[in-house]
1. With θ set to phi - 60° and the Karplus curve 6.51 cos²θ - 1.76 cosθ + 1.60, what are the ³J(HN,Hα) couplings of region 269-278 in order, to the nearest whole Hz, using x for Gly and Pro?
2. Putting +1 on Lys and Arg Cβ atoms and -1 on Asp and Glu Cβ atoms, find which of Leu107, Met145, Pro85 reaches farthest to the positive end of the dipole of the chain.
3. Suppose every K and R has +1 on its Cβ and every D and E has -1 on its Cβ; what is the size of the dipole of region 42-302 about the Cα centre, in Debye to the nearest 20?
4. Excluding Pro135 itself, what net charge comes from residues whose Cβ is under 14 Å from its Cβ, given Lys and Arg +1 and Asp and Glu -1?
5. Report, to the nearest 10°, how far helix 60-75 tilts away from the longest principal axis of the Cα atoms in the chain, using its own Cα long axis and a range of 0 to 90°.
6. On average, how much area does the Cα convex hull of the chain cover when viewed from any direction, in nm²?
7. What number, in nm² with one decimal, is the all-direction average of the projected area of the convex hull of the alpha-carbon atoms of region 226-265?
8. Tell me which lysines have Cα within less than 28 Å of Lys186's Cα, excluding those fewer than 8 residues away on the same chain?
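No lab work stands behind these numbers, since they all come straight from the coordinates. No experiment lies behind these values; they were computed from the predicted model shown. Here Cβ is always computed from backbone atoms with ideal geometry, including for glycine, and neighbour counts include all displayed protein chains.
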Amino acid sequence: MTQRRSFLQGLAGLGIALALGPGRADAARAPLTRPIPSTGERIPLIGVGSWLTFDTGAGRGALERLQPVLQTFFDHGGRLIDSSPMYGTAERVIGELLPRVNGRGALFAATKVWIYGQALGRRQMEASRSLWGVPRFDLMQIHNMLDWEGHLEVLREMKREGRIRYIGITTSHGRRHDELLQAMQKTDFDFVQFTYGLHDRDAESRLLPLAAERRMAVIANRPFDGGALFGRVQGKPLPDWAAGIDCANWAQLFLKFVVSHPAVTCAIPATSNPAHMLENMGANFGRLPDAALRRRMAQHFDGI
Ligand SMILES: NC(=O)c1ccc[n+]([C@@H]2O[C@H](COP(=O)([O-])OP(=O)(O)OC[C@H]3O[C@@H](n4cnc5c(N)ncnc54)[C@H](OP(=O)(O)O)[C@@H]3O)[C@@H](O)[C@H]2O)c1
């Protein structure tokens with residue numbers, strides 16, 4: 001019986017080793033982190049998004065399916081969860097799941113305000129806090145720049161009063177980069193969030209350099225182009241240099257490209273699948289590509 005158990009445990013360990021990448025079997029190793037420039041506080045390079053994947057309704061079946069996803073996230077050093085009142089039931093689902101998972105004390109809670117008007121914004125943020133069941137959010141972001149100057153006043157007040165810790169602003173899909181650049185020039189955001197990945201490198205020309213210059217943390221959203229990147233590489237072998245940066249699968253290669261940009265603080269891939277979460281969290285460990293290999297990764301991807 002004992003022999004059988006240790007054999008099964010060995011298999012489970014091997015599964016983790018394969019998903020995390022060569023030589024990265026030890027999930028207890030410290031994850032890779034980057035500092036938030038405005039304070040120096042360090043957060044892991046890989047967080048998790050919740051759009052669509054957690055908008056499942058908070059029924060028992062959905063919670064039972066998603067609990068292992070979130071447990072795998074915390075088990076492998078995850079901290080930052082990104083959500084929004086725009087994501088349907090995702091905030092409710094997160095709030096239901098958090099008390100059920102171990103390691104939730106490490107949570108770095110990030111959501112958004114997404115509504116016109118300061119009074120409605122205040123009400124929405126309080127509703128989000130209650131849905132998550134957290135005493136306060138670590139990061140409150142203005143979703144898609146909606147009514148951003150109005151919300152900014154409220155967020156500054158909340159930060160002064162200790163009701164949130166960081167202020168951010170978001171966009172995605174390459175939209176409104178000019179407006180975001182202007183907002184970043186004149187505003188002291190702690191975080192900015194936009195799309196960056198092998199499929200969309202537009203941020204490299206202006207957004208990422210400005211974020212570095214203005215000392216803003218960067219959250220890269222849609223690192224897999226909503227999952228489309230996996231279709232693009234389906235049936236294609238990993239390049240042989242992937243092992244040299246501890247990538248055992250395409251997910252880790254996509255994510256390591258994103259988080260190895262020096263101005264990126266973290267990426268927030270979304271998944272509803274615990275095996276995918278295990279792969280994604282593997283990018284939080286091991287070696288990262290240098291500038292030369294990053295160029296090679298982009299060339300390789302463009303050639304696929
Ligand atoms: N304006 C904004 O503020 C804004 C806009 C867009 C997104 N975001 C944030 O960014 C997060 C990420 O973006 P996203 O959700 O649009 O897309 P994404 O993270 O680029 O892709 C998610 C998709 O990839 C699949 N996937 C994940 N890991 C995988 C793996 N290892 N192997 C194969 N497939 C995998 C998932 O399917 P499975 O469930 O089957 O794994 C899911 O369909 C969002 O959830 C949200 O939190 C913010």
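1. Karplus-based 3J(HN,Hα) across region 269-278 equals x, 10, 7, 10, 10, x, 5, 5, 4, 4 Hz.
2. Leu107
3. Result for region 42-302 is approximately 320 debye, rounded to the nearest 20.
4. So the environment of Pro135 carries a net charge of +2.
5. 80
6. Result: a mean projected hull area of 16.3 nm².
7. Convex hull of Cα atoms, orientation-averaged projection: 3.3 nm².
8. Hits, sequence-local ones excluded: Lys112, Lys159.
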